[in-house]
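What follows is one structure encoded as structure tokens, with my remarks underneath.
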Amino acid sequence: MLHERKETDELLTPAYGTTYLDSDIPKYQLPEDMLSPYAAYRVVRDELILDGNSRQNLATFCTTFLPDEAKRLMAECIDKNMIDKDEYPQTAEIESRCVNIIADLWHSPTAGQTVGCSTTGSSEAAMLGGMALKWRWRDKMRSQGKPADSPNLVCGPVQICWHKFARYWDIELREVPMDKDRYPMNGEEAVKRCDENTIGVVPTLGLTFTGQYEPVEEISKALDRLEEEKGLDIPIHVDAASGGFLAPFLEPDLRWDFRLKRVKSINASGHKFGLAPLGVGWVIWRDKEDLPSDLVFKVNYLGGEMPTFALNFSRPGGEIIAQYYFFVRLGRQGYTMIQKACREVAVYISEQIGKMGPFSIIYDGSDGIPAVCWRIKEGEDPGFNLFDFADKLHSRGWQVPAYTLPPNCKHLAVQRVLVRHGVSLDLANLLLTDFRRNLEFFEKHPVTTSIRPEEGSGFNHS
Ligand SMILES: *Cc1c(COP(=O)(O)O)cnc(C)c1O
């Protein structure tokens, strides 16, 4: 019998001495019997051991270190539904304060009365920002009596969420491909692809593939020239998933945000360099009129009449509360300290990897995301490829992905580490020691030489 009940007092029985925990639990059907809360907890908890250790996951941009206070707030807010703004008015107030704080951080001319909202992450935020672009473009075309049936969006090598946006909303994505000597999109390449059906240009502040910032100001100026020459007024939405919470602290003079008039909306992931736990992103519009009013719904069935602009309805409030906790706890000073520390560690890692024979650095972490991206030196055959190297690092628990770049640079395999809150210099040195150990290993035991590009597509950049 799978779950034969025993007479023994469960409180006395040692955890792994009960039949509950020495039997196989059905995995794909609802079990017939109950388990004690304790046994069920152990079963689930133990299985999660296989997930590995998130602090060693250097692939992700997302928060993997949380102080106890943030965890406590998350637990205390577990019953708060952020959509019930009438029932939880203070959560709603805190959300709107976060919107004001972020708008101010991004130099909104009207930060106190800006429009914006929280989302589940940058993907939803991008969807909302992109929809506003499409609606505004369509209104403009209709008002001029022109057809509005073939919209396009111009961008560089974007994160997958923009491919989704384009497909879900039936928009042609005009992606400036990477070039051997230029990964980010520039003004010239962006403008070449613009016409009167362009709903907007989306530069990325912190490319997924390399960590570099796209030059928002240069792109904006190129669009200014396009307007002077051809009368096309094309708005910018910045995908600042990572950079939105980095540039304000690390490059306060970099003009990428609402200081540029053409920038109409910006998204960022609170759960990346905003330091909040997983599940929160933000989108902010420059001006009320940049968010078409027919995208905002009013609901009255929660009490009160509340405007909502979001793809989903119910969502936990804890992530928003925790985001606010970090704003209050850290202030400008604290964010600056943490982001600077991340950058210093990234630059250190890049210097060290650069010194290791076979690697050449593509991005050194010094002026974009605190990340490092490298390849095997051109023409070099060290007896392994980056996929082998990633596998070997994984045997010590490190997740340092190898992947190939998007079209035009598909032949090129790269490897990347993300330095986030909690990746200390000490942890970096432990990683680098494993790098050196692996290089010695492969010197003695060379494996393959091809770059195995067909395996590169399996990696998803979270
Ligand atoms: C992570 C990322 C996204 C997607 O954001 P989520 O918060 O994971 O939904 C979009 N764009 C860029 C540039 C990103 O780095």
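The values are calculated or read from the model by the stated rules, or taken from the named source; none is laboratory data. Predicted model, so just to flag it, every value in this text is computed and none were measured. Virtual Cβ from ideal backbone geometry, glycine too; neighbours counted across all protein chains shown. Just the protein is used for accessible areas: all its heavy atoms, side chains included, with ligands, DNA and RNA removed. Shrake-Rupley method; radii C 1.70, N 1.55, O 1.52, S 1.80 Å.
Largest first, what is the accessible-area ranking of 349, 362, 160 with a 1.4 Å probe?
The ranking, largest first, comes out as 160, 362, 349.
Determine the calculated [θ] at 222 nm for the chain from helices alone, applying -39500 (n - 2.57) to every DSSP H run no shorter than 4 residues and normalising by the residue count; nearest 500 deg cm²/dmol.
Only helices count here, giving -11500 deg cm²/dmol.
Dividing the alpha-carbon radius of gyration of the stretch 166-274 by 2.2 N^0.38 Å (N being the number of residues), what value is obtained?
Taking N as the residue count of the stretch 166-274, the ratio is 1.06.
Could you tell me the accessible area of residue 104 in Å² (1.4 Å probe, neighbours in place), rounded to the nearest ten?
Rounded to the nearest 10, the figure is 90 Å².
Name the residues whose placed amide hydrogens come within less than 5 Å of the amide hydrogen of residue 299, ignoring near sequence neighbours (fewer than 5 apart) on the same chain.
Counting only residues 5 or more places away or on other chains, the set is 306, 308.
Which value, in Å² rounded to 10, gives the accessible area of residue 194 with a 1.4 Å probe and all protein chains present?
That residue has around 20 Å² of solvent-accessible surface.
What net charge do the residues around residue 94 carry, taking every other residue with its C-beta under 13 Å from that of residue 94, with Lys and Arg at +1 and Asp and Glu at -1?
Its environment carries a net charge of 0.
Which value, in Å², gives the accessible area per residue of the stretch 64-462 when a 1.4 Å probe is used on the protein heavy atoms?
Here the per-residue accessible area is 43 Å².
Work out Dmax and Rg for the stretch 64-462 from the C-alpha atoms and quote the Rg first, both in angstrom.
For the stretch 64-462, the Cα radius of gyration and maximum Cα-Cα distance read 22.0, 71 Å.
For labels at residue 232 and residue 160 in the simple 7 Å Cα→Cβ model, what's the distance in nm?
3.1 nm
At 1.4 Å probe size, put 86, 79 in order of accessible surface, largest to smallest.
79, 86
Run the 1.4 Å probe and let me know the accessible area of residue 398, rounded to the nearest 10 Å².
Counting only protein heavy atoms, the figure is 10 Å².
Note down the magnitude of the dipole of the chain about its Cα centre, charges +1 on Lys and Arg C-beta and -1 on Asp and Glu C-beta and zero elsewhere, to the nearest 20 debye.
780 debye
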